[in-house]
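These notes are about the structure you will find just below.
Computed from the coordinates by the stated procedures, all read-outs in this text should not be read as laboratory data. Nothing here was measured: the structure is a model prediction, and the numbers come from that model. For neighbour counting, all protein chains shown are included, and Cβ atoms are generated from backbone atoms with ideal geometry for every residue, glycine included.
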């Protein structure tokens, strides 16, 4: 089985070359799905050896669906373009899929720790919302997960293509977990540390939290 590492991007020219170079040893293909960046992201990614395609300007969820369609590998690893994920953890995510022990493996920040967490109001709200989402998913499907929203994950391409992902924003990550569970696919985790964003600006303000709650409501019911 071959591995594609897919990197959704938008205005990440400050470090996209570093991410492409970091993940390249772990994949047969590096695929950058760009959200019509206004900087040099696409050129820099191509220069570093990635195959670059454009999304449909609808958000990260759309970019992930484009990656699923375009990926040539049997396993797709999604990793963020901001330098917050540890590329050397890719084998830990991929191994259970290759060994037919899991269909989706999420990099757990709860198990691996996160430098992003700060005891301020916004981070408190995010943590409470994330914990609530995990608790409801665990109760609904009788699983024991710790992190369903981390963008760092590995999934079989055929599974990703079958589960009918629809979200256009960051809530696609929890949608992917819930729809895998709905369809009877195996979801597991591997500890992975999250670092502070290395460059660029976050595209996920706390004000978008309602989208995650709405996605939970739709999928749980």
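Odds and ends about this structure:
- Theoretical gain in end-to-end length, residue 57 to residue 88 [0.36 nm per residue, Cα-Cα removed]: 8.1 nm
- Potential extension, residue 98-residue 43 segment - 0.36 nm per residue separation minus Cα distance: 16.6 nm
- More than 20 Å apart - percent of Cα-Cα pairs taken over the chain: 55
- Separation of the residue 2 and residue 122 label points, Cα + 7 Å toward Cβ, nm: 4.1
- Using just its DSSP H runs of length 4 or more, each adding -39500 (n - 2.57), the chain gives a mean residue ellipticity at 222 nm of -12000 deg cm²/dmol after division by all residues.
- 17 Å cut-off, amide nitrogen to a point 7 angstrom out along residue 136 Cα→Cβ, residues in the range 172-201: 172-182
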